[in-house]
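J.: If you scroll down you'll find the structure; I have some questions about it.
The values are calculated or read from the model by the stated rules, or taken from the named source; none is laboratory data. Here the structure is a predicted model, which means the values were calculated and not measured. A quick note on method: Cβ atoms are made from the backbone with ideal geometry, for glycine too, and the neighbour counts reach across all protein chains shown. We work out accessible area using only protein heavy atoms, side chains counted, and drop any ligands, DNA or RNA first. Shrake-Rupley method; radii C 1.70, N 1.55, O 1.52, S 1.80 Å.
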Amino acid sequence: QVQLVESGGGSVQPGGSLRLSCAASGSFFSRNRMGWYRQAPGEQRELVAEITSGGSTDYANAVKDRFIISRDNDKRTLFLQMNSLKPEDTAVYYCKMVTWLSSTVYWGQGTQVTVSS
């Protein structure tokens, strides 16, 4: 059974930084496409960044040049380095895995990020 556990959220002032982590259980982590999504109150869940098994990345326009997604396949962990944070980045951030064989989707439980002065 796949489990995704996020950590690293918290409260930060505008302009600050946070690093989110997502630890994954299960096999074949390196073959799966991984991503970070976020959901603000009253809003739909939206893509933040994705990374393929080959390391190709894609970012939402709102976070380009500020956020960096990366993965450590040996540790089965996904990361999101968030810099120059803005109040509009406030949301619950979710880790997503799409398996390589069956395209099954798994979600983590989410971690809260609050950007406020």
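J.: Kindly sort ASP65, ASP58 by accessible area of their heavy atoms, largest first, with the probe set to 1.4 Å. It would help to have the intermediate numbers written out before the result.
T.: Working: ASP65 160, ASP58 80 Å².
Listed by decreasing accessible area, they come as ASP65, ASP58.
J.: Next question. Where a Cα-Cα gap under 26 Å defines reach, which lysines qualify for LYS86, not counting those fewer than 8 residues away within the same chain?
T.: Within the straight-line limit of under 26 Å, LYS86 reaches these lysines: LYS64, LYS96.
J.: To continue, here is another question. How high is the FRET efficiency from THR57 to ARG19, r the C-beta distance, R0 22 Å, rounded to 0.05?
T.: Numbers: r = 16 Å, r/R0 = 0.73.
For THR57 and ARG19, the calculated efficiency is 0.85.
J.: Among GLN44, GLY55, SER17, flag the residue with its Cα farthest along the positive direction of the charge dipole of the chain, charges on Cβ as +1 for Lys/Arg and -1 for Asp/Glu.
T.: Going by the charge dipole, the pick is GLY55.
J.: Taking amide H atoms as placed 1.01 Å from N in the peptide plane, list the residues 5 or more away in sequence, or in a different chain, whose amide H sits under 5 Å from that of GLY110.
T.: Residues meeting the criterion, in which the H sits 1.01 Å from N, are GLU6, CYS95.
J.: Convert each backbone phi in region 23-31 into a coupling constant with the Karplus relation 6.51 cos²θ - 1.76 cosθ + 1.60 (shift: θ = phi - 60°), then list the ³J(HN,Hα) values in order as whole Hz, x for Gly and Pro.
T.: Those phi angles translate into 8, 10, 9, x, 9, 6, 3, 5, 8 Hz.
J.: Can you list the HN-Hα couplings for region 90-100, worked out from phi with the Karplus curve (6.51, -1.76, 1.60; θ = phi - 60°), rounded to whole Hz and with x for Gly and Pro?
T.: Ordered by residue, 3J(HN,Hα) equals 4, 4, 8, 9, 10, 8, 10, 10, 10, 6, 6 Hz.
J.: What list of ³J(HN,Hα) couplings, whole Hz, do you get for region 13-18 from phi and the Karplus terms 6.51, -1.76, 1.60, once you set θ to phi - 60° and write x for glycine and proline?
T.: Result, ordered by residue: 7, x, x, x, 10, 9 Hz.
J.: If ligands, DNA and RNA are left out, what is the accessible area of LYS75 with a 1.4 Å probe, given in Å² to the nearest 10?
T.: Approximately 150 Å² of LYS75 is accessible to the 1.4 Å probe.
J.: Now for a different question. How big is the dipole moment of the chain about its Cα centre under a simple scheme where the beta carbon of each Lys and Arg is +1, that of each Asp and Glu is -1, and everything else is neutral? Debye, nearest 20, please.
T.: Roughly 220 debye for the chain.
J.: Which net charge results for the neighbourhood of TRP100, defined as the other residues with beta-carbon distances under 12 angstrom from its beta-carbon, given Lys and Arg at +1 and Asp and Glu at -1?
T.: On the way: positive: ARG31, ARG33; negative: none.
Result for the neighbourhood of TRP100: +2.
J.: So which GluC sites (Glu not before Pro) in region 11-117 are both in a DSSP loop and have at most 15 other Cβ atoms within 10 Å of their Cβ?
T.: Working: sites: GLU43, GLU46, GLU50, GLU88; in loops: GLU43.
Hits after loop and neighbour filter: GLU43.
J.: Over 10 Å intervals from 0, what percent of Cα-Cα pairs in the chain sits in each interval?
T.: Using 10 Å bins, I get a P(r) of 15, 50, 29, 6, 0 for the chain.
J.: Right, here's the next one. Which is the longest part of the chain that has none of the chymotrypsin sites (Phe, Trp or Tyr not before Pro) sitting in a DSSP loop with at most 15 other Cβ atoms within 10 Å?
T.: On the way: sites that count: PHE28, TRP100.
Value returned for the longest uninterrupted segment is 29-99.
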